[in-house]
Structure formats: structure tokens, C-alpha cells
Amino acid sequence: MKIIVLQHIKIEDPGYIKDLMIADNVELITVELDEGEKIPENLSEYDAMFCMGGPMDTWMEKDYPWLVDEKKRIKEFVVDLQKPYLGFCLGCQLLGEVIGGNVVKSNYPEIGMLNINFLGSKNDDLLFSKFPENITTLQWHSYEVQDLENSDVTLIASSPETKYQIFRYKNNAYGIQFHIEVKKTTVGEWGCVPEYKSALENQLGKGALEKFDTDSQIHMPSMNNYSRILYENFKKLIK
């Protein structure tokens, strides 16, 4: 199995799912876009694509010109090649944009350990059918996808503030707005990124990082379990 991973900052990788893939002897090809690495020309040789989060936003093409090519290549992989795709946070928003949605600033940023509510559509979904009706997971975003009302998109989960917390495009690509892939070291590492720390403190106040980290550790066993279920089911998409 050969999976390409698009990253926008080195510390934001597939986390716990990456550990599972390494244990599975998956061949991982990581493209660090923020460091000038290029997406390979021949995407057909990859079995799946992961697209991770990052401190930039989808509309920042002048500051991060590589976003232009990234969007084209995601569209090629998902729409033209119809290959399996899993996008987290920014990766979710990039998918939403390339399939016709809009990425807009959220009315209220979602940062912290917050609730996700699944819809009835999850019951027939390959990746999420075994998930409970509600989960608590890590959120760290100020933008979201909207305007995805078309027949190719299935809404799977929402939160009180964000409609498209999980959506599926056709049967091969998924956008996940939250961070189910996190592991024990994640919050502390992300708290060192100025953009993340600023968003955290603006939302939760000075000194919020320690409490956020403590709260995340409480829910870490369940998030790791959900990551395992997600990964095992995602492998079924790969032919």
C-alpha cells in the first residue's frame, strides 16, 4: 500500500493514524508543501491521499502560492482518478473547495474538546457506521466549509457551530473538520505554533494551553480508538 501525505507544517502529520500505518508497513510518501516540496507528477501510482491541517487558510494563495497547485492535484486525485482521500481540518476545507463548496470564516471558532453529532447517514457509511451517535474530539479551527448541497456530497456529522464536520464526496473522499488523528504529544506541539496559540488564547483566554492539553489527555484513549476504526475501514476503500 502506497499513500501520499500532503503536509502544510511539519508537526501536523497523520498522528496516531501514521503510527498505525507504519506498523502496517504502509509506504508513506510525505510532501512538505510549506518547505517547497512538490507533489509528484504521476498521482495514479498512489493508492490513497491524506491531506493534513495547517496554520494557513485556503484563500491565502498570494502568501502560499503552492496552494494553487495543491488544489488542482487534489481535484485530479479525487475527481478525475476517483481515488481514496482523507482530509483533516485544512485538508477537509481544501476538499470542500475543489468540489464546489466555499470556505468561510466561522461565526464562532471551535477550539477545545467539543462534541460531534452524527446523522443517520453514518449508519450506511463504510468508514463511520461503527461510531457512536456522539463523540467528543479535538477542534482547532476558525474557518469551515459551506455550500456543499449537491447530490455527490453526503453530510455525515455536524456540531452546533459547524454543519460540515464530516462529509463524503461520492464514495471515495472524506473531509473531517476536527482532529481525530491526534496523539498524546499533539496539543503541546501545536501550542508552539504562533497562529495556533493565538487562536487558542483568543478563544479560551491566557494560559489555556495547559487546560486544553489536560482535557485532550482525558479523551485520548477514545480518540485513538476512533482513529483505529477509521483507519481499518479506510483501508477497505483501497483496491
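The values are calculated or read from the model by the stated rules, or taken from the named source; none is laboratory data. Keep in mind that what you see is a predicted model, and the values were worked out from it rather than measured. Cβ placement follows ideal geometry from the backbone for every residue including glycine, while neighbour counts extend to all protein chains displayed. Heads up: the accessible areas ignore ligands, DNA and RNA and are worked out on the full protein's heavy atoms, side chains in. Shrake-Rupley method; radii C 1.70, N 1.55, O 1.52, S 1.80 Å.
Where the accessible area of segment 42-104 is counted over protein heavy atoms with a 1.4 Å probe, how much of it, in %, is carbon and sulfur?
Numbers: 1070 of 2290 Å².
Of the solvent-accessible surface of segment 42-104, carbon and sulfur hold 47 percent.
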Connecting every pair of Cα atoms under 10 Å apart in the chain and solving the GNM, the largest mean-square fluctuation among 76, 189, 161 falls on 189
At 0.36 nm per residue, and after removing the present C-alpha to C-alpha distance, how many nm does the segment from residue 45 to residue 102 gain when stretched out fully?
17.5 nm
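Give me the one-decimal Kirkwood hydrodynamic radius in Å for segment 124-184, with the sum taken over alpha-carbon pairs. Intermediate values should be presented prior to the final figure.
On the way: mean 1/r = 0.0794 Å⁻¹.
Taking the inverse mean of 1/r over all distinct Cα pairs, segment 124-184 comes out at 12.6 Å.
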One quarter of the convex hull surface, Cα atoms only: what value does that give for the chain in nm²?
11.8
At 0.36 nm per residue, minus the direct Cα-Cα distance, what do residue 115 and residue 232 gain on full extension? Give it in nm, one decimal, please.
39.8 nm
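Given an 8 Å cut-off on Cα distances and at least 6 residues of separation, report the relative contact order of segment 162-208 as a percent. Please report the intermediate quantities before stating the final value.
Working: 20 pairs, mean separation 8.7, N = 47.
Answer for segment 162-208 is 19 percent.
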Please work out the C-alpha center-to-center distance from segment 91-160 to segment 206-234 and express it in whole Å.
17
Note the full-extension length gain between residue 222 and residue 149 as 0.36 nm times their separation in residues minus their Cα-Cα distance, in nm to one decimal.
23.2 nm
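Using mean Cβ contacts within 10 Å as the protection proxy, how do 205-211, 58-64 order, highest first? Don't skip to the end; give the middle numbers.
Values: 205-211: 12.1, 58-64: 13.9.
Descending mean neighbour count gives 58-64, 205-211.
Given the rule -39500 (n - 2.57) for each run of at least 4 DSSP H residues, summed and divided by the residues of the chain, what is its mean residue ellipticity at 222 nm, to the nearest 500 deg cm²/dmol?
On the way: 6 runs with 71 residues, N = 239.
After summing the helix terms and dividing by the residues of the chain, the value is -9000 deg cm²/dmol.
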In a GNM of the chain with a 10 Å cut-off on Cα contacts, which of 147, 13, 124 has the highest mean-square fluctuation?
124
Computed Rg/Rh of segment 1-124, alpha carbon atoms with Kirkwood Rh
0.96
Accessible area per residue for segment 1-137 in Å², computed with a 1.4 Å probe and the full protein assembly in place, what is it?
43
Once all Cα-Cα distances of segment 65-162 are split into 5 Å bins that start at 0, what whole-number percent is in each one?
3, 11, 19, 24, 21, 14, 6, 1
Most fluctuating of 85, 174, 196 in the GNM of the chain (C-alpha, under 10 Å) is 196
Gyration tensor (alpha-carbon) shape descriptor, segment 100-239, a/c threshold 1.5:
oblate
Across the Cα atoms of segment 100-142, what radius of gyration and what greatest pairwise Cα-Cα distance (Dmax) are found, in Å?
12.9, 31
